[in-house]
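The values are calculated or read from the model by the stated rules, or taken from the named source; none is laboratory data. Predicted model, so just to flag it, every value in this text is computed and none were measured. Every residue, glycine as well, gets a Cβ built from its backbone with ideal geometry; the counts of neighbours run over all protein chains shown. Keep in mind that these areas ignore ligands, DNA and RNA; they rest on the heavy atoms of the full protein, side chains included. Shrake-Rupley method; radii C 1.70, N 1.55, O 1.52, S 1.80 Å.
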Amino acid sequence: MAEESPESFKVTPWAVEGKVDYERLRVLFGTSDLDEPLRERLRGLLGSPLHPLLERGIYFSHRDLPRVLTEYEKGNPFFLYSGRGPSGDLHLGHLLPFELCAYLQRRLNVDMWIQITDDEKFLFKRDLPLEESRRLGFENLADILAPGFDPKRTHVLFDTIAIRTLYPLALEVARRVTFSTARAVFGFTNENNIGSIFYTALQSAPAFLPSKQAGRPVPCLIPCGIDQDPHFRVTRDVAEPLGYPKPALLHNELLPSLLGEGKMSSSTDATDSAIFLTDKPEQVRRKVSKAFTGGRTTVEEQRRLGAVPEVCSVWSLWRSRFAPDPKEFAEITRTCRSGELLCGECKSRLVPRITKFLEEHHTAREKAKEWIQGTLVDGS
Ligand code: SF4
């Protein structure tokens with residue numbers, strides 16, 4: 001669904017264009033504000049300070065979060081569900097929901113369900129062979145597991161492998177979703193293949209699977225980019241008629257493109273918009289040095305007027321991951337605004353942080369490969 005504002009940004013599950021006004025988007029999508037009282041409630045459960053993704057408002061919106069928290073407090077823990085459509089390497093933006101999920105799993109000892117939608121990418125990308133989509137799925141899965149999931153509480157639904165488990169539930173969903181709903185939500189036309197129209201039923205199935213297996217309602221929480229919200233509106237609409245609880249959602253802002261507008265993208269014509277988890281130090285240095293900033297045209301002007309962190313792609317990297325210490329992040333923001341920090345120096349400080357993060361990530365992903373097999377549902 002194309003949700004367009006008068007400010008002319010556009011957000012759909014497949015494309016993000018323009019400078020997104022997230023507050024306006026939240027209103028357009030009809031979601032709830034992840035406000036300070038709710039953050040305070042989360043601090044009570046998760047400890048203070050919260051993960052920077054929650055504390056700094058990168059997760060800014062939700063649907064029904066208080067309901068799953070109440071259930072948790074009553075002793076009925078929720079499970080986490082997130083996923084990935086494998087069409088290429090992951091970039092830093094893709095990792096946000098999984099980093100949050102790993103943190104929530106560690107703090108609350110809850111189960112994590114990950115769906116790898118190799119079928120989706122095969123259906124939506126005409127030039128992608130199924131075997132390649134599966135190969136990418138396993139590569140992506142190693143990256144996804146790297147942030148530190150508990151192997152015993154993590155279950156992977158790799159669509160073409162777990163289809164025996166997923167299909168009966170997908171059928172239940174498919175019978176409840178009309179073509180007219182699918183067309184209204186996803187903008188399908190006569191040119192779409194019939195597999196892509198059915199696909200949303202398969203993406204809904206993991207949200208209900210633990211309830212079906214347990215024979216009682218098990219609450220579900222889905223952390224995801226706000227651009228993925230339309231998929232789960234369909235899931236939420238069919239949940240109660242099928243006898244399952246509506247999944248709750250927790251939405252993050254999208255990491256902005258290093259080129260200025262839109263989000264970090266993995267499409268081949270925009271590879272400089274993103275830092276990929278496979279990037280070499282030289283690529284990181286080159287991309288950061290060219291990145292769009294909130295700086296002024298001259299050094300003199302920046303010293304005098306200060307810069308604007310909120311529009312800067314480099315600042316959004318500090319904010320999301322690379323300045324976990326609240327004091328350091330506050331200092332970067334303050335000196336950016338005051339003009340004491342110049343963009344060149346700021347970028348030079350950031351590059352080694354990213355390089356170190358990627359090095360550690362590569363070690364963690366190789367370790368994760370050792371236990372992938374044990375997480376696969378129907379995999380043996
Ligand atoms: Fe961005 Fe850093 Fe320049 Fe501020 S000083 S605008 S955070 S690059």
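Things to note:
- Of all lysines in the structure, the ones whose alpha carbon falls short of 18 Å from that of K367, not counting any fewer than 8 places away in one chain, are K152, K356.
- Probe 1.4 Å, accessible area per residue of the chain, Å²: 44
- Segment 239-367 - percent of accessible surface contributed by carbon and sulfur, probe 1.4 Å: 56
- Unit charges on C-beta of K, R, D, E only; dipole of the chain, Debye: 540
- Which of W371, W113 is most accessible, then next, and so on - probe 1.4 Å: W371, W113
- Using Cβ point charges alone (K and R +1, D and E -1), the dipole size of segment 141-292 about the Cα centre works out to roughly 420 debye.
- Segment 1-84: GluC sites (Glu not before Pro) in DSSP loop, at most 15 other beta carbons within 10 Å: E7
- Antiparallel bridge percentage (DSSP; both residues within segment 1-150; nearest 5): 55
- Evaluated with a Cβ-only charge set (Lys, Arg +1; Asp, Glu -1), segment 202-243 carries a dipole of roughly 200 debye about its Cα centre, given to the nearest 20.
- FRET efficiency, K74 to R303 (Cβ-Cβ, R0 56 Å, nearest 0.05): 0.50
- Among L108, G93, L80 - extreme Cα towards positive end, dipole of segment 80-140, charges at beta-carbon: L108
- Cα gyration tensor, segment 10-259 - rounded (a/c under 1.5), prolate or oblate: rounded
- Volume per residue that the Cα convex hull of segment 1-93 spans, once the total is divided by residue count, Å³: 140
- When only alpha carbons of segment 268-365 are considered, Rg and Dmax amount to 13.9, 45 Å.
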